Amino acid sequence: MTMDRSRLTLDSRQICIQMDQLANQSLAEADVTGVQAHALLYILRHSEMGTSVTALHQASGYSKATISNIIKRLREKGYVRVESCREDDRRRLLFSTEKGRQVQRFLEDSIRDAEKWLYRGFSSQELSTLDHLQKRMLQNLSQYQTCIQKEASTK
């Protein structure tokens, strides 16, 4: 039996789209999107010392421009504040506000509920296999991107 790789790719994309839609619906009460919720939770986990746009970019894989836009929206909604770093005035640190801390549990619960539904009926072994396969796909894509960049730089 030949597997339709295009169908696998489309299914993966559809899973991402549906998860985004589900997250946005369940998080509407807090007036945040799924992407904003993940960013805010990252900031909350690092709020003691603060975190940076660069750290959030590295952790999430989103571009710095996208992260900056997410932070702008979270600041407008009162969930995040930005301070200059004491050691380096050019560096800015992100901290959660009290309003951000108040919605933390709601965000965590909403995301966990969506994940429960997504992985419902999967055995531990299946989840482990899926994790391994996804990591391999990400590694393959990273290697392909490196290859493309090398080719572009030689032209």
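The values are calculated or read from the model by the stated rules, or taken from the named source; none is laboratory data. Just so it is clear, the structure is predicted and the values come from calculations on it, not from any experiment. Note that each Cβ is placed from the backbone with ideal geometry, even for glycine, and that neighbours are counted across all protein chains shown.
Descriptive notes on the structure:
- Residue list for the stretch 110-131, restricted to those being among the small types (Gly, Ala, Ser) and either closer than 18 Å to Ile15 by Cβ or part of a helix (DSSP H, G or I) (or both): Ser110, Ala114, Gly121, Ser124, Ser128
Residue by residue, here is whether (1) under 24 Å from Lys135 (Cβ atoms); (2) under 17 Å from the mean Cα position of the chain (by Cα); (3) surrounded by 11 or more Cβ atoms within 10 Å (Cβ to Cβ); (4) of a type in the set (A, V, I, L, M, F, W, C) holds:
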residue: Gly34; (1), (2), (3), (4): yes, yes, yes, no
residue: Ala39; (1), (2), (3), (4): yes, yes, yes, yes
residue: Arg45; (1), (2), (3), (4): yes, yes, yes, no
residue: Leu74; (1), (2), (3), (4): no, yes, yes, yes
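- Selection status of Gln134, outside the structural domain of Tyr42 (by TED's automatic domain parsing), without any contact (Cβ under 8 Å) to a residue 40 or more places away in the chain and either in contact with a helix residue (DSSP H, G or I) (Cβ under 7 Å, 6 or more places away or on another chain) or closer than 21 Å to Arg13 by Cβ (or both): yes
- Qualifying residue in the stretch 87-109 (condition: among the charged types (D, E, K, R), closer than 23 Å to Ile17 by Cβ and part of a loop (DSSP other than H, G, I, E, B)): no
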